[in-house]
Amino acid sequence: MKTEYLQVNPENLDRRPFRKAGDLLRQGEVVAFPTETVYGLGANALNANAVKKIFLAKGRPHDNPLIVHIAEFEQLKPLVQGISEKAYVLMHRFWPGPLTLIFPKSNLVPNEVTAGLDTVAVRMPRHPVALKLIKEAGVPIAAPSANTSGLPSPTEGAHVLADLNGKIPLILDGGETEVGLESTVVDVTVEPPLILRPGGVTLEEIEDAIGQAAYDPGLSKDKNETPRSPGMKYTHYSPKADVFIVDGPDKDRAQKITAVFHRMTQEGKKVALLLSEETGREINGINGRVIPCYYEVLGSKNDLPSVAHRLFSSLRRCDYHGADIVLIEAFPEQGVGAAVMNRIRKAAGNQVIN
Ligand code: TXA
Ligand code: MG
């Protein structure tokens, strides 16, 4: 299959690419498009055969359900059975935006979308291209991240092309995504509401809206509980290189990274470094001998949204530079830092140097 690649300017939405994308979606095809979090691979959520093509193109495990994307509040009701008071509060506070809510599903939603669960995940993205595409298609759009399963989620059109060229008919390129990691998934069918996947909206923001909420105990690596979000049990967001987290007291970081870097380099490994601005500065001060195959400052420990914005594209760049090993620093877990560390742990398969 030939993959068509069309640029769209989010500030000036020419209708032509959308007409083409809308036609494809109505014909039961898949289309990749930008959202404010990451790029999605969309299909008509009400067409089981179209939805199957998403799983095929990504190589996605069949027990991992999809998020249904809507552009207007009226599109929600037919998809669900009952909307709780807290769900209303969260929708009105955070939609359109990087929040996904879990509802009891209606019969309209095919089992292919929900992987057989009796709940459905719904979100209203805030990216102008995503909103216009959903309106143009005239149907809700089921869409996972538009990457090959297991790789870091795409935050640029070029990432989608690298993963899915030849496997899908159309990519809409709307530039870099803003948030850089996925939406927060919240189960509002339980009390207190549970965060099944940390993301663009923080626990602090959710609690400010509805009072107490909690992380799914299955997210913690120490507990032997299975995550309630099927997607969180897989190794994920991983570049081809082997990823190690460098944790422990801030004051030792630069020394530790330097030591580990030299050990691994002596073993013949090509090592990439993804660091905080603070540690990056210190390492430069230690010596000039640390010459990684790739080096990037993800951002300050006090500016976690910047770190979130860069994380996935940085992991991909480590692969482009031929890294065997990526040493990535641990970041504080406040605010969006919780989502950042969740993705870093997944990318590292929990390999930590303390
Ligand atoms: O920001 C995002 O959410 C992006 C953009 C494209 O909107 N989408 C995304 O989709 O990240 P995906 O498929 O990569 O992740 C969806 C997550 C998975 O962890 C999945 O298991 C969970 O949502 N999920 C979907 N339906 C669910 C359900 N009914 N119950 C629990 N978890 C569900
Ligand atoms: Mg994904």
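The values are calculated or read from the model by the stated rules, or taken from the named source; none is laboratory data. None of the values given here were measured: they were computed from a predicted structure. Glycine gets a Cβ as well: all are built from the backbone with ideal geometry, and neighbour counts include every protein chain shown. Just the protein is used for accessible areas: all its heavy atoms, side chains included, with ligands, DNA and RNA removed. Shrake-Rupley method; radii C 1.70, N 1.55, O 1.52, S 1.80 Å.
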Review point. Would it be correct to say that V120 is β-branched (V, I, T), open to solvent by less than 40 Å² (accessible area, probe 1.4 Å) and within 15 Å of ligand 2 (Cβ to nearest atom)?
Key: no
Check your understanding: Among the listed residues A146, A115, which satisfies the condition of being within 20 Å of the chain's Cα centre (by Cα), open to solvent by 10 Å² or more (accessible area, probe 1.4 Å), in the same structural domain as A50 (by TED's automatic domain parsing) and in contact (Cβ under 8 Å) with a residue 24 or more places away in the chain?
Key -> A115
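Quick grid of which residues meet (1) of a type in the set (G, A, S); (2) within 13 Å of ligand 2 (Cβ to nearest atom):
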position	(1), (2)
T114	no, no
M124	no, no
L133	no, no
E136	no, no
V160	no, yes
G175	yes, no
Check your understanding: In this structure, does A143 turn out to be under 20 Å from L24 (Cα atoms), of a type outside the set (S, T, N, Q) and in contact with a helix residue (DSSP H, G or I) (Cβ under 8 Å, 6 or more places away or on another chain)?
Key -> yes
Check your understanding: Do we find a residue being within 22 Å of L181 (Cβ to Cβ), within 16 Å of ligand 2 (Cβ to nearest atom), modelled with pLDDT of 95 or more and within 22 Å of the chain's Cα centre (by Cα) anywhere in the range 74-94?
Key -> no
Review point. So, in the range 228-244, of the ones that are surrounded by fewer than 20 Cβ atoms within 10 Å (Cβ to Cβ), at pLDDT below 85 and part of a loop (DSSP other than H, G, I, E, B), which residue ends up nearest to ligand 1 (Cβ to nearest atom)?
Key: Y234
Point to revise | Yes/no for A130 being open to solvent by less than 20 Å² (accessible area, probe 1.4 Å), near ligand 1 (Cβ under 10 Å from one of its atoms), in contact with a Phe, Trp or Tyr (Cβ under 7 Å, 6 or more places away or on another chain) and not basic (K, R) | key: yes
Review point. List the pairs whose first member sits in the range 203-219 and is closer than 20 Å to Y88 by Cα, whose second member is acidic (D, E), and whose Cβ atoms are under 9 Å apart, counting only residues at least 6 apart or on separate chains?
Key: I210/E85; A213/E207
Check your understanding: Residues that are open to solvent by 20 Å² or more (accessible area, probe 1.4 Å) and within 14 Å of ligand 1 (Cβ to nearest atom): which strands (runs of 3 or more DSSP E) entirely in the range 149-227 hold 1 or more of them?
Key -> 194-197
Check your understanding: When only residues in the range 71-99 that are over 18 Å from E205 (Cβ atoms) and touching a Phe, Trp or Tyr at 6+ places or on another chain (Cβ under 9 Å) count, which is surrounded by the fewest Cβ atoms within 10 Å (Cβ to Cβ)?
Key -> G82
**Study point:** Subset of the range 1-44 [buried (at least 24 other Cβ atoms within 10 Å of the Cβ), hydrophobic (A, V, I, L, M, F, W, C) and outside any strand (DSSP E or B)]
**Key:** A21, L25, V30, V38
Check your understanding: Out of the range 306-320, which residues are surrounded by fewer than 17 Cβ atoms within 10 Å (Cβ to Cβ) and either of a type in the set (S, T, N, Q) or more than 16 Å from S238 (Cβ to Cβ) (or both)?
Key -> S306
